[in-house]
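Beneath this line is the structure, given in structure tokens, with notes to follow.
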Amino acid sequence: MESGVLKYGIIGVGMMGREHLVNLYHLRTEGVAVVAFADPHIPSQQLALQLAHSFTWPIKVFSGHQELLDSGLCDVLVVATPNMTHHRILMDIINHSKPHHVLVEKPLCTTVSHCKEVVDAARKRPDILVQVGLEYRYMPPVAKLLEIVKGGNLGRIRMVSIREHRFPFLVKVNNWNRFNINSGGTLVEKCCHFFDLMRLFVGANPVRVMASGAIDVNHKDEIYDGKVPDIIDNAYVIVEFDNGSRGMLDLCMFAEGSKNEQEISVVGDIGKGEAFVPESVVRFGTREGRNDIQTIKAKDQRIKYAGLHHGSSYLEHLNFLSAIRGKGEKAPSVDLQDGLVSVAMGVAAQLSIEYGRFVSIDEVMNELRV
């Protein structure tokens, strides 16, 4: 490999790991190459190898992440393994003698305590950059709406409403995503993206969460090793923030008949903005009324590969690459604290459904069970 090329390794080459592989291939002109990956699942290995060979990238294959770490082949690692494995893998990477920069898929970990352990360990390794894969903030319509909000066009943000109406969870290796113990629960696994966006839009931190959700349609007739899946398939979640703003999530995972999978509404004291995905349309206007509404088709010319997430994974890699090449002068835009808080919000929502009451973020952060 020529000098100056950043050598990437991918840990976990299931669907999302292979998506990262393709994104990195489209970034090859930026001086990156994938040189290794690790995955114990042979079918995933084979699919990833086929991709790598089609890119004419020579790849070293490992069955476990520790062997990949010890090989010393990589400068940067992408962790795209099942959620419940993130903690162990991240701790092994951070504690390894050779520094590796890391992009870890969301959620950071499945529990707040594991997230906090990773945050604490990473503080002792200033030679390592860690970015969390909350890439929805890079989707062109979302990024455009954030720009409008930050420009003051809507005034002080008071309410954020995010609707995700979509298809059920996809089938994953060994069906790991069918159980809360593995995924952290639907509101952690899927919705940490939206809790992250709420924080960005309101510019504040969450105080308490109230949620109602259930398993109403999906996975009820599925059985794995004698167990029926326990992940919820719909929910409403209300989040109160420390600046008085409120957010609401409306999640339904049996709503394939939707024009847009995500609809985001942000309302300030002087205006309202909306973003629609995958339509990639942004609308915003003031309280003067409907005649004042502007409509924008959101695009980002930098995107060379749209992939599964409308180009956001490509932009995520571009952003992380910039942070790495900045040699620590610029922190990753999605840091470990963002990862921790987004998980804490999801955990609070899951507990709120269980307890039937508001759950404070302090309770979750201090791991109280009352």
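Quick notes on this structure:
- With 0.36 nm allotted per residue and the present C-alpha distance subtracted, the Lys327-Ile223 stretch has 32.6 nm of extension available.
- Sorting Thr85, Thr29 from the fewest to the most surrounding beta carbons within 10 angstrom yields Thr29, Thr85.
- Charge tally around Met15: other residues with Cβ under 13 Å, Lys/Arg +1 each, Asp/Glu -1 each, net -1.
- Candidate lysines for bridging to Lys60, where Cα separation is under 25 Å - those fewer than 8 sequence places away on the same chain excluded: Lys7, Lys98, Lys172
- Its residue count N sets the reference 2.2 N^0.38 Å, and the alpha-carbon radius of gyration of the range 1-90 equals 0.99 times that reference.
- Sites Val281 and Asn175 - FRET efficiency at Förster radius 41 Å, r taken between beta-carbons, to 0.05: 0.70
- Long-range tail of P(r) for the range 145-226 (Cα pairs > 21 Å, %): 45
- Taken about its Cα centre, the chain carries a charge dipole of roughly 760 debye when the Cβ of each Lys and Arg holds +1 and the Cβ of each Asp and Glu holds -1.
- Computed lengthening from Asn243 to Gln337, 0.36 nm per intervening residue step minus Cα-Cα distance: 32.0 nm
- For the range 20-52 versus the range 135-191, the gap between their alpha-carbon centres in whole angstrom: 26
- For the pair Met15 and Glu30, label points projected 7 Å from Cα toward Cβ lie 2.4 nm apart.
- Computed [θ] at 222 nm, helices only, for the chain once each DSSP H run of length n ≥ 4 contributes -39500 (n - 2.57): -9500 deg cm²/dmol
- Working note: Karplus 6.51/-1.76/1.60 with θ = phi - 60° gives the range 46-60 the couplings 5, 5, 5, 5, 4, 4, 4, 5, 5, 8, 6, 9, x, 10, 9 Hz, where Gly and Pro are set to x.
- Candidates per trypsin sites (Lys or Arg not before Pro) in the range 253-292, loop by DSSP, up to 11 other Cβ within 10 Å: Lys259
- Long-range tail of P(r) for the range 44-192 (Cα pairs > 28 Å, %): 35
- Overall form of the range 239-370 per C-alpha gyration tensor (a/c, 1.5; a/b vs b/c): oblate
- The trypsin sites (Lys or Arg not before Pro) of the range 168-236 that DSSP puts in a loop, and whose beta carbon has at most 13 other beta carbons within 10 Å, are Lys220.
- Within the chain, longest stretch clear of exposed GluC sites (Glu not before Pro) (DSSP loop, no more than 15 other Cβ within 10 Å): 3-221
- Amide H contacts of Gly64: Asp39, each under 5 Å away and 5 or more positions distant or on a separate chain (H built 1.01 Å from N in the peptide plane; Pro and chain starts excluded).
- Dipole of the chain [Lys/Arg +1, Asp/Glu -1 at C-beta], most positive-end residue of Val343, His114, Leu146: Leu146
- Simple spin-label estimate for Ser212 and Lys98 in nanometres, 7 Å along Cα-Cβ: 5.4
- Net length gained if the chain between Arg125 and Ser360 were fully extended (0.36 nm per residue, minus Cα distance): 81.5 nm
- Distance in nm between pseudo-label sites at Val61 and Glu288 (7 Å out along the Cβ direction from Cα): 6.2
- Residue with peak Gaussian network fluctuation, the chain [Cα springs, cutoff 10 Å], from Gln50, Gln66, Gln262: Gln50
- Karplus-based coupling profile of the range 336-345, in residue order and whole Hz: 5, 5, 4, x, 4, 5, 5, 5, 4, 5, with θ = phi - 60° in 6.51 cos²θ - 1.76 cosθ + 1.60 and x standing for Gly or Pro.
- Computed over the chain, Kirkwood Rh from alpha-carbon pairs, angstrom: 21.3
Every number here is computed from the coordinates shown, using simple stated rules; none is lab data. Note that the structure is predicted; figures quoted are calculated from it, not measured. Don't worry about glycine lacking a Cβ; one is built from the backbone with ideal geometry, like all the others, and counts go over all protein chains shown.
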